[in-house]
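Following: one structure in structure tokens, then a few remarks.
The values are calculated or read from the model by the stated rules, or taken from the named source; none is laboratory data. For clarity, every value in this text was computed on a predicted model and none was experimentally measured. No Cβ is skipped: glycine too gets one built from the backbone with ideal geometry, and neighbour counts run over all protein chains shown. Each accessible area value is taken on the protein alone, full model and side chains, heavy atoms only, with ligands, DNA and RNA left out. Shrake-Rupley method; radii C 1.70, N 1.55, O 1.52, S 1.80 Å.
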Amino acid sequence: MSPHRNGSLSVKPLQEFVLDGFQGGLQTQALLFALFLALYVVAVLGNLTMMVVITLDARLHSPMYFFLKNLSFLDLGYSSVIYPKTLTDLLSSSKVITLGGCATQFFFLSLFLTTEGFLLAAMAYDRFVAICSPLHYPISMCPSVCARLMLGCYCGGCLNSILQTSFTFSLPFCSSNHIDHFFCDVPPLLRLACADTTISELVMFGLCGLIIVGTTLVVLTSYGYITVTILRMRSGGGRHKLFSTCGSHMTAVSLFYGTLFVMYAQPGAVASMEQGKVVSIFYTLVIPMLNPLIYSLRNKDVKDALRRLGQRHTAT
């Protein structure tokens, strides 16, 4: 038997959880199902389209689009870890998830999210080299360097995911089995633990804070040098083109890091589950839906590639 936080005893550790999700009757659940389904379909189609276009169009076989294709893969990955299960739960009275299923969902969510954070920093570095050292760019960002950077992003994401999952699921969950969320995440899980969670909370805040601050510094430093370089250019058209290209990335960075900071990098995040659900919808579904639109609508090369792909399909 394991002691509960309030001093009571629980018969045995929990082996399954119930995802409480969202409050409301059948009409509310149906409305949320329709909304989430529409957003998820747009996110899937948008990210798959970006991946296919970049793969098939030889003109987009450059470091910038190599990273962008991986960004689409990660966006597709972490939204797909959550929303098929969420959509099923919205139509079902049983919202049970096993302890192993919960740990697996959390592991891959953490893996994809953390890797994307590192990737956005790598993309900022790529733009820094392309704009500030254009003559060295072919060597500095050759395919082998890009592959190593991408591998480093995944290794960093995997390491963080292993640590977060280990610290979280090594806790005894022997109180209520109802998770006040629509997927398995650290803040609601910590509230179910019947042991001291101080170390787990410090690990979560410390790792997330370190990753967010570290990658943000890389982004800000890169764009600081980029801004100075662009402002020194005499060509107004060149400045506009470069600012437009970098603007897409900065928009994606601001949305991603801003929501993750609100959710994970501040101690008050654990105490506010309702706010956490809203923020979670934004970074797990809205951002994956918006990123393909941000990069395609603001990027002439992608729009031209889409046009060429459409013409090729029409011709056949």
>> Tally up the residues in the range 123-136 that are free of Cβ contacts under 8 Å to residues at least 60 places away in the same chain and not polar (S, T, N, Q), please.
In response: 4
> Which one of these is closer than 17 Å to His181 by Cα, open to solvent by 50 Å² or more (accessible area, probe 1.4 Å) and assigned to a helix (DSSP H, G or I): Thr55, Thr49, Thr28?
Replying inline: Thr28
>> For the range 90-138: of the residues being closer than 18 Å to Asn291 by Cα and touching a Gly at 6+ places or on another chain (Cβ under 7 Å), which is most open to solvent (accessible area, probe 1.4 Å)?
In response: Phe118
> Where in the range 101-199 are the helices (runs of 4 or more DSSP H), entirely inside, with at least 1 residues that are of a type in the set (Phe, Trp, Tyr)?
Replying inline: 137-140, 143-169
>> Residue pairs, Cβ under 7 Å, 6 or more apart or interchain, first in the range 21-37 and closer than 15 Å to Val278 by Cα, second part of a helix (DSSP H, G or I) and among the acidic types (Asp, Glu). List them.
In response: Gly21/Asp89
>> Taking the conditions exactly as written (out of contact with any Lys or Arg (no Cβ under 7 Å at 6 or more places or on another chain), assigned to a helix (DSSP H, G or I) and either surrounded by fewer than 22 Cβ atoms within 10 Å (Cβ to Cβ) or modelled with pLDDT of 90 or more (or both)), does Leu74 satisfy them or not?
In response: yes
> Residues of the range 182-208 being under 30 Å from Phe36 (Cα atoms) and crowded, with 21+ Cβ neighbours inside 10 Å, which ones?
Replying inline: Phe182, Phe183, Cys184, Asp185, Val186, Pro188, Leu189, Met204, Cys208
> On the given criteria, is Val302 of a type outside the set (Asp, Glu), in contact with a Leu (Cβ under 8 Å, 6 or more places away or on another chain) and either surrounded by 14 or more Cβ atoms within 10 Å (Cβ to Cβ) or modelled with pLDDT of 75 or more (or both)?
Replying inline: yes
>> Just to verify a result, which residue in the range 161-176, among those that are more than 24 Å from Ser80 (Cα to Cα) and in contact (Cβ under 8 Å) with a residue 60 or more places away in the chain, is surrounded by the most Cβ atoms within 10 Å (Cβ to Cβ)?
In response: Phe173
>> Exactly one of these conditions fails for Phe282: (1) open to solvent by 40 Å² or more (accessible area, probe 1.4 Å); (2) modelled with pLDDT of 75 or more; (3) more than 30 Å from Thr197 (Cβ to Cβ). Give me its number.
In response: (3)
